[in-house]
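Coordinate-derived values only; no laboratory data. What you see is a predicted model; the values in this text were computed from it and never measured. We place every Cβ from the backbone using ideal geometry, glycine too, and count neighbours over all the protein chains shown.
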Amino acid sequence: MSLMFGKARTCNIVTIPEHEPAECNIVVLGATGSGKSALTVKFLTKRFISEYDPNLEDTYSSEEIVDQQPVQVRVMDTADQDGPVNCERYLAWASAFLVVYSIDNKCSFEICQQYLEMVTPYTKGLQPESPIILLGNKVDMERYRQVSQTDGETLAARFGCTFFEVSACLDFPSVQHVFHEAVREARREAERSLAVRPLYISEDKSTVSLSPAPPLLPCYKELPTPTTAKVVTVKSSRAQSKRRAPTLTLLKDRFKIF
Ligand SMILES: Nc1nc2c(ncn2[C@@H]2O[C@H](COP(=O)(O)OP(=O)(O)OP(=O)(O)O)[C@@H](O)[C@H]2O)c(=O)[nH]1
């Protein structure tokens, strides 16, 4: 079974065959219109969407290379109407969370606080924890800014999470960096939680062993089935390129891409 950075793993240390990539489930949360879908599609296709179905919630999968290591990244682009509802559909599934607001919308920032207040108590009690990244999106809208960078940094510090300001319609590398940073933090958490298991040194000191692993309890929860979620395998026009690229077959009627 491949190692998941997050809940979905057996409770023993599992060695992953070289060829099998690790997996990382990222849940994108935030107020309506904050840019969750635009950030998700930018990460998967390098392109910026302008129109979308605001009520659709989808989960995408992409093969990524993060720090020379292959990882199957699944991104759940959620669509709550105004604030956290029905959270159990993603809490146990997530390896990491991106909580998004728009810097030109104070209300979206306040809704992010509700998400952080809901998600943090759940993740802090887990081994490994699911890291949270707070994202101020639409930084290209500086002239309409309603939320200062300091406000974002202060909120992130209060909940112990990482903070970035990005724009889904500007450069791709800054958006890719946020998703890859979520993978790195989930990877570090998974390694840390494996490392903190107590070591037992036998009487004759001849052997050192890890604490007896708890019984094999598959912790993996099936992919949540939100009302309209579909796991979409993604294939982008770049898939034809030589470079190992994320692939996206976007269901054209959902997004207008330019
Ligand atoms: N200027 C600017 N507009 C953006 C940016 N990201 C998204 N938008 C626009 O903001 C609107 C909402 O973007 P979405 O990605 O659909 O937002 P969402 O959070 O997915 O919204 P819901 O699907 O309703 O939950 C769209 O018109 C996007 O084109 C950005 O970084 N800059």
Cβ density ranking, 10 Å radius, fewest first, applied to LYS36, LYS106, LYS42 yields LYS106, LYS42, LYS36
Scoring only Lys, Arg, Asp and Glu (+1, +1, -1, -1) among other residues with Cβ under 9 Å from the Cβ of THR162 yields -2
Counted charge near MET141, where neighbours are those whose Cβ lies closer than 15 Å (Asp, Glu -1; Lys, Arg +1): 0
Karplus-derived 3J(HN,Hα), 6.51/-1.76/1.60, for each residue of segment 183-189, Hz, glycine and proline x: 5, 4, 5, 5, 5, 4, 4
Based on the Cβ-Cβ distance of ILE65 and LEU194, what FRET efficiency does E = 1/(1 + (r/R0)^6) give at R0 = 22 Å, to the nearest 0.05? 0.45
Rank the residues THR32, THR45 as a footprinting-exposure proxy: fewest other Cβ atoms within 10 Å of their Cβ go first. THR32, THR45
Cα-based Rg of segment 57-117 normalised by 2.2 N^0.38 Å, two decimals: 1.32
Per residue of segment 127-144, in order, report the coupling 6.51 cos²θ - 1.76 cosθ + 1.60 (Karplus, θ = phi - 60°) as ³J(HN,Hα) in whole Hz, putting x for Gly and Pro. 10, x, 5, 9, x, 10, 10, 8, 10, x, 8, 6, 5, 6, 9, 3, 5, 10
